[in-house]
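What follows is a short report on a single structure.
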Amino acid sequence: MWCIKTSEKEKLLTALKGAYDFRDVSSSDLPPKKLFFPEREITFTHLVKDGSVTTPPPPRKFVLYGLSLRDLEAITCLDEIMSAPEKDYYYFRRRRRALLIGVTGEAFDVPPGGDIIISSIDADTSKLLSVTEKGERAIKKHLPRLKKSKSPQAVPVKNDTMPDLRNLLMDAELLKVAVEWSWHGYKKLWEKLSRECLGCGICTYVCPLCHCFAAEDSVALSGDEAVRCRRWDACTLPVFARLGGGEDMHPGLRERYYNWFYHKFVRGYLEFGRSECVACGRCQRDCPARIDIEAVLLDIVSAYSKSAQRRRRYR
Amino acid sequence: MKNIYEPVTAEIVKVERQSKDVLLFRLRSKGGVPFGTPKRGMHFTPGQFMLAGVWGYGEAPFGIASDPYETEYIELVVRRVGDVTGAMHLLEKGDTMTLRGPYGNGYPLEFFKGSDVILITGGSGIPPIASLIRYIIHNRKDFGMVHLVYGAKTSAGLLMKREISKWKRKIDVTLTVDGPECDWKGKCGFVSDCLTDIKVNPANTVVAMCGPGPMVDSIEQLVNPMGISDRKIFISMERRMQCGVGRCQHCVTGRKYVCTDGPVFNLDEIDRNWD
Ligand SMILES: Cc1cc2nc3c(=O)[nH]c(=O)nc-3n(C[C@H](O)[C@H](O)[C@H](O)COP(=O)(O)OP(=O)(O)OC[C@H]3O[C@@H](n4cnc5c(N)ncnc54)[C@H](O)[C@@H]3O)c2cc1C
Ligand code: SF4
Ligand code: SF4
Ligand code: FES
């Protein structure tokens, strides 16, 4: 932990800008996942003439600057998703080359992820925390004369994005049970949401944790070359679960939209012991149908609690 | 870091027409590398699948139809229904395909041992069952009565007929077509109609199925009246697949991934799924 003045911070950033590709995402609307898991990427190129198969080269080392605490948490969680059951080659070759720098005014006890976190204390001072060895090395290399210091007192800023959902996420097990119950126990809600949702997929694209993808092959017009790509897909889109013969396993928006919740709060919990959501607020902000998942989840949990009480009373 | 999406190249050493829209491909991996690491002499477990593909057209999952003890090649039986399978149907002997796998769990062979086995399938659901039959015949004394019930709309839609006539020496076989046909010596009617003729001891019988959606839907009505519990009925499920490794989310059903937890599930597990 170090205390640095704005001039030192600028010096560090200038040095990093020289040494790495520097991506400032502090005012980006899109989730940081796109830097490790781009919207569309070529995975293989196949040349017809010699039958060779190649993978495009990985990117240069880069700095991802300006991540919020929730985005850092999302990346930590996505790292885990992309490791199970085996490491995802394309994700991790980018991830390994990235230095993650969080920037926040919020207080935190345990850093949720990243390599370095810069917390502002006042107009001229920031707290510089190295989270990983990689972060520590980068700081020592570019600001060699910095002295370690005790944690200074700062007045933390409050994050007012989705505070209620943030609270709900503390009890991932309750969310899991309530969402699973709601499919049969609160049918009315899913009927209503399936009429409201446009099935556009935006909520999944802007979510820092959604990671559905599709493979897409194409042949160059000349016929000399074929490429295999992977691109973001969305479980709310119409053909997501359609079989080759035409049968659709999730034919309606009701199943598809519920599946989005089911994955995040039920299957995600069963696989990783947590909800696949960090309450970043993007899906709420960007849904053209103005569906607010925070309100939906509060509604589900309250309906579930009432029904659980009712069941207890009549037992 | 290993690239888990990178396929191997396999050469087509034989193409055999099975019906109007179904071809059998025998594939040998280029350079002679066998498919999968053998476990107890088997290169895969019957019921497992491969992701086979054609560069430029994509990959799709196919149950392996050949003998799991065969080390030289594998066989896939491919029905033409869309882009990937359409591209495969243009391939000839000497051409190549891409292969990844084997993936999935396969049928629970150890659980089957010592039991009577009823195998039920329809149309192009025969490949994984074919592989299972080959396994059973290889280990014939480990199993009791074995009965295959295989149906199709018409006799032209019944696949692997030559193999089936060989299997008849080792297991019971009932073939059925939906409607009456000239010169047809098998049964007429749905697979379900034929099941009533099979006398089994439900306490010691397991069922393995693979079939088109509607047939799978009627399974409970088919087999439960015989007194066989849901936990002894194993079905290979079909879902859309892209990655094969439990990540892309296309194949999910309820709590499970068909690609990694399946494709074979018992009926009790399937009944618990919300979708
Ligand atoms: C476990 C399992 C075992 C199976 N076993 C068999 C079997 O033994 N025999 C058999 O005939 N069928 C089998 N099937 C069904 C078979 O997988 C489908 O028929 C097949 O996926 C249809 O593919 P298609 O491209 O021809 O159809 P389409 O309807 O065109 O597409 C279906 C799938 O192919 C992908 N696809 C299509 N075009 C492209 C492209 N340009 N680039 C990348 N991907 C593309 C799609 O994304 C989609 O996933 C099995 C299915 C499963 C799940
Ligand atoms: S952004 Fe809104 S309308 Fe679009 S799929 Fe998501 S919930 Fe439905
Ligand atoms: S709030 Fe919405 S966009 Fe953000 S992590 Fe949760 S589900 Fe994803
Ligand atoms: S095929 Fe991708 S998760 Fe199963």
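Every read-out reported here was derived from the displayed coordinates using simple, explicitly stated rules and does not represent laboratory data. Because the structure is a prediction, the values reported are computed rather than measured. Using ideal geometry, Cβ is built from the backbone for each residue, glycine included, and neighbour counts are taken over all protein chains shown.
What to note about this one:
- Compared with the rule-of-thumb size 2.2 N^0.38 Å for a compact globular protein, chain B has a Cα radius of gyration ratio of 0.97.
- Loop sites in the range B:26-68: trypsin sites (Lys or Arg not before Pro), DSSP, at most 11 other Cβ within 10 Å: B:40
- Dipole size of the protein assembly as shown about its Cα centre, with +1 on Lys/Arg Cβ and -1 on Asp/Glu Cβ: approximately 1240 debye, rounded to the nearest 20.
- For the range B:8-103, average projected area of the Cα convex hull in nm²: 5.5 nm²
- Binned Cα-Cα distance frequencies in the range B:109-236 - 10 Å width, integer %: 13, 48, 34, 5, 0
- Dipole magnitude of the range B:8-103 about its Cα centre (Cβ charges: Lys, Arg +1; Asp, Glu -1), debye to nearest 20: 120 debye
- Point-to-point label distance, residue A:247-residue B:162, nm (Cα→Cβ direction, 7 Å offset): 3.0 nm
- The mean number of partner chain beta-carbon atoms within 10 angstrom of a residue's beta-carbon across peptide B:47-56 is 3.
- The value for the range A:185-315 of Rg(Cα) / (2.2 N^0.38 Å) is 1.30.
- Between the range A:13-40 and the range B:73-98, the C-alpha centres lie 42 angstrom from each other.
- DSSP-defined antiparallel bridges as percent of all bridges, chain B, nearest 5: 60 percent
- Per-residue ³J(HN,Hα) for the range A:106-123, Karplus 6.51 cos²θ - 1.76 cosθ + 1.60, θ = phi - 60°, Hz, x for Gly and Pro: 7, 8, 8, 8, 10, x, x, x, x, 9, 9, 10, 9, 10, 7, 9, 8, 4
- For the range A:1-84, the spread of Cα positions along the three principal axes, ordered from largest to smallest, is 59, 29, 24 Å.
- Mean projection area, nm², convex hull over Cα of chain A: 21.4 nm²
- Loop-located trypsin sites (Lys or Arg not before Pro) in the range A:35-116 (DSSP state not H, G, I, E or B) with no more than 14 neighbouring Cβ atoms inside 10 Å: A:49, A:60, A:61, A:96.
- Cα long-axis angle, helix B:126-138 against chain B (0 to 90 degrees, to the nearest 10): 80 degrees
- Unit charges on C-beta of K, R, D, E only; dipole of chain A, Debye: 800 debye
- Inter-part distance, the range B:218-275 to the range B:144-179, computed on C-alpha centroids, equals 24 Å.
- Of interest is the spacing of the C-alpha centroids, which for the range A:174-195 and the range A:104-120 amounts to 35 Å.
- The Rg/Rh ratio for the protein assembly as shown, using Cα coordinates for both the radius of gyration and the Kirkwood hydrodynamic radius, is 1.03.
- When the P(r) is computed for the range B:137-192, the part past 18 Å accounts for 36% of the Cα-Cα pairs.
- Dividing the Cα radius of gyration of the range B:221-275 by 2.2 N^0.38 Å, with N the residue count, gives 1.23.
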